[in-house]
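See below for the structure under consideration.
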Amino acid sequence: MSRRGSYGVGARIGWLEWLPWVAALAVFIALPQYLPLGARILVYILFALSLDLILGYAGIITLGHSAFFGLGAYVAGILGAKLGITDPLLQMAAAAAAAALLGVVTGTVILRTKGLTLLMLTLAITTILLEVANKATGLTGGADGLSGIVVAPIFGQFRFDMFGKTAYLYCLLALFAGWWVTRRIVYSPFGTSLVGIRENAVRMHAVGAPVYFRLVAVYTISATMAGCAGALLTQTNQFVGLNVLSFEFAGELLVMLVLGGVGRIYGAFAGPLVYMIAQDQLAKQFPEYWYFGIGLLLVAVVMFARGGLLGILDLAVSRMRRASP
Amino acid sequence: MSPVLETRQLCKKFGALTVAENIDFRLEAGERRALIGPNGAGKTTFVNMLTGRIVPSSGRIFLGGDDVTEQAQAARVKRGLGRTFQINTLFRDLTVLDNVALGIAERRGVAGRLWRPASAYDEVRAESEVLLAALDLAVDAGSRVLDLPYGKQRLVEIAIALGLKPRVLLLDEPAAGVPSVESGRILQALDSLPGDIAILIIEHDMDVVFRFAHRITVMVQGEVLVEGTPDEIAGDRRVHQVYLGESRRD
């Protein structure tokens, strides 16, 4: 079901909502060989969650969300590789702050526009950042990428090991925090007003809502989360490439979210999970044609399930309910 | 006593086209006023200027004696200006209760809060339910607006505006497009609106206008043609010529 705040319906966490966390812990215990892939999926889920907040709830359409992810990734990387700041939480805080600053500055400008203009402006921002990162080779490594990133043990205790155990749990905790914050926002009066803005901005103006400020606020929150996701990727890979700022990456994220289901919170979980597992398996089976399989999957979802994978699930559940006496 | 709503020499031009010209208008507290005129007379443009949706080319707007011409829509709403729309402008995918609660939460200053769930704001829900009950919409509180018949959707329009507890309410064709079987409920709702609210109603249905309004303002081609009591307007020859046709209303 689509999840959103309501003045009439409670916001208690249902048992099904614990399922992803139980599954994630089960993977940690039962499938240790997949932890590096699992950590990457968790990072992408956090990133998709940040996009869902603005696209699914506030209706802000963007093709440049990778700007915040990429900035967070580079800030964490530069701190660890060039400035000797190796504490992972400090790196994460700096990445979040930088992404938040970029979010509030760019949001203040671009959220005065909408539609195609807004789409182009979001694209322009990430393209500018990509070019800056490409040219600032001394700082970012340019096209070769930024390597030699040092990440100290978390709390001085938990070292990032070669099997990816620490990284997986670290990403899982970060995602849990992101999910908790997102859920609170979505169910709050603020989140409910965002849905109002998405549904009918004209009416929200007419009831006295400061529409523009709310949009800038949620855009900044979302940018902060995306920056954290970027920092996580840097810390778990200890490498940053230019692709984190690319338009293709932003597009890929959008595809993942659409695949899972927009404006549902858990669509941001299902989309990256299915997309990346499919990518992993298809790339092994058909190294040259794996994108074809992803394309087919997306076409099927767009044609037959506009609500994404969770939309299909919704449909199935409601049919079963109707069928049962 | 100063009027609750006043305009002075209000003009709006779109390039060479003048859609409102030197409109001087006063609405007193508790007054029931109708704004009528043929299609294209500039009525909705006038309302949109009052609410701040359209910026006037010149002239001033006063709300409760204060100049609000430069103020944004949200600021005017907070000063007590509510409106409904000619075409339903609702949150179609949300429940009737949430449609009303969104406005009430804004008025109460809780809509921007981030931490507690919306459902924990019992006072917002309770006020919404009372308002819906007053408009016979209580049974539909949990229904999505898009699942309601059109007449009830028009009532939700009014409910949202009333939730703002306005001092001035602008009703843009509240009964437009409503089948006659359902329009009675809307008229009943209009009759039961609190007496202290000043109401400006734009309406083409003359039965509604003459039943509801204490005074009537007639607009033609962006200008105020005449203003008076229903009897004065009914007897005004210019109104018959430009708006009602030559046949007199008995």
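Values quoted throughout were computed directly from the atomic coordinates according to the rules given, and no laboratory measurement underlies them. Small disclaimer: the values here were computed from a predicted structure and weren't measured. With ideal geometry, Cβ positions are generated from the backbone for all residues, glycine too; neighbour counts draw on all protein chains shown.
Which of the helices in chain A, when you take each full DSSP H run, stretch at least 30 Å along the axis at their Cα atoms and have an average Kyte-Doolittle score of 0.5 or higher?
Qualifying helices: A:88-110, A:115-135, A:165-187, A:211-237.
Calculate the FRET efficiency for residue A:277 and residue B:143 from the Cβ-Cβ distance with a Förster distance of 30 Å, rounded to the nearest 0.05.
Here the calculated transfer efficiency is 0.15.
When you look at the Cβ of every residue in B:80-86, what mean number of other chain Cβ atoms sits within 10 Å?
Shielding by partners across B:80-86 averages 2.
Per 10 Å bin from zero, what fraction in whole % of the C-alpha pairs of the protein assembly as shown is there, up to the bin with the longest pair?
Histogram of Cα-Cα distances, whole percents per bin: 3, 16, 23, 21, 15, 12, 7, 3, 1, 0.
How crowded by other chains is B:118-126, given as the mean number of beta carbons from other chains within 10 Å of each beta carbon?
Rounded to a whole number, the mean comes out at 5.
Spin-label point model (7 Å from Cα, Cβ direction): what's the residue B:9 to residue B:58 distance in nm?
So the two model labels end up 0.6 nm from each other.
Measure off 7 Å from each Cα along the Cα-to-Cβ vector at residue B:115 and residue A:321, then give the distance between these two points in nanometres to one decimal.
Those two pseudo-labels are separated by 3.3 nm.
Taking each pair of distinct Cα atoms in the range B:5-244 once, what is the resulting Kirkwood hydrodynamic radius in Å?
Every distinct Cα pair counted, the radius reaches 18.6 Å.
Once you've got the Cα coordinates, tell me which of A:114/B:12; B:78/B:152; B:13/B:152; B:43/B:165 are over 30 Å apart.
Exceeds cut-off: B:13/B:152.
Nearest 20 debye, what's the magnitude of the dipole of the range A:17-246 about its Cα centre given +1 on Lys and Arg Cβ and -1 on Asp and Glu Cβ?
Rounded to the nearest 20 debye, it is 360 debye.
According to a simple spin-label model (label point 7 Å from Cα along Cα-to-Cβ), what is the distance in nm between residue A:284 and residue A:137?
Taking the two extended label points, one gets 3.8 nm.
With all distinct Cα pairs included, what does the Kirkwood hydrodynamic radius of the range A:85-205 come out to in Å, to one decimal, could you say?
Averaging 1/r across every pair of different Cα atoms and inverting gives 18.0 Å.
Contact order normalised by length for chain A, with contacts defined as Cα pairs under 8 Å and 6 or more residues apart; what percent is it?
Taking the mean separation of contacting Cα pairs over the length of chain A, I get 32 percent.
Using only the Cα atoms of chain A, what semi-axes does the equivalent ellipsoid have when each is the square root of 5 times a gyration tensor eigenvalue? Give whole Å, largest first.
They are 30, 25, 20 Å, listed from largest to smallest.
Pick from A:246, A:188, A:222: which residue has the top mean-square fluctuation in a GNM of chain A where Cα pairs under 10 Å get a spring?
A:188
Tell me what chain A gives for mean residue ellipticity at 222 nm when only DSSP H runs of n ≥ 4 count, each as -39,500 (n - 2.57), the sum divided by the residue total, rounded to 500 deg cm²/dmol.
Taken over chain A, the calculation gives -23000 deg cm²/dmol.
As I understand it, the value is the acute angle between the Cα axis of helix B:150-163 and the longest principal axis of the Cα atoms of chain B; what does it come to in degrees, rounded to 10?
That helix lies at roughly 80 degrees to the long axis.
Using a Gaussian network for chain A with springs between C-alpha atoms less than 10 Å apart, which of these wobbles most: A:196, A:148, A:115?
A:115
Arrange the peptides A:76-82, A:57-63 so that the one whose residues have, on average, the most other Cβ atoms within 10 Å appears first.
Descending packing order for the listed peptides: A:76-82, A:57-63.
For a Förster distance of 51 Å, can you work out the FRET efficiency between the beta-carbons of residue B:241 and residue B:133, rounded to the nearest 0.05?
FRET efficiency, residue B:241 to residue B:133: 0.65.
Tell me whether the range B:167-221 comes out rounded, prolate or oblate; compute the Cα gyration tensor, take square roots of the eigenvalues as a ≥ b ≥ c, and use a/c under 1.5 as the rounded threshold.
In terms of gyration-tensor shape, oblate.
Which whole number in µm²/s is D for the range A:255-324 by Stokes-Einstein, with the Kirkwood Rh taken over Cα pairs at 10 °C and 1.306 mPa s?
126
Residue by residue through B:91-104, how many Cβ atoms from other chains fall within 10 Å of the Cβ on average?
Rounded to a whole number, the mean comes out at 6.
From the phi angles alone, apply the Karplus equation (6.51, -1.76, 1.60; θ = phi - 60°) to the range B:93-103 and give each ³J(HN,Hα) in whole Hz, x where the residue is Gly or Pro.
Karplus-based 3J(HN,Hα) across the range B:93-103 equals 8, 9, 6, 4, 4, 5, 4, 6, 5, 4, x Hz.
Against the longest principal axis of chain B, how steep is helix B:122-134, in degrees 0 to 90 to the nearest 10, with axes from Cα atoms?
Taking the Cα atoms of chain B, the angle to B:122-134 is about 50 degrees.
Exposed loop GluC sites (Glu not before Pro) only (DSSP loop, at most 12 other Cβ atoms within 10 Å): please give the longest stretch of chain B free of them, not including the sites.
Longest gap between qualifying sites, sites excluded: B:71-245.
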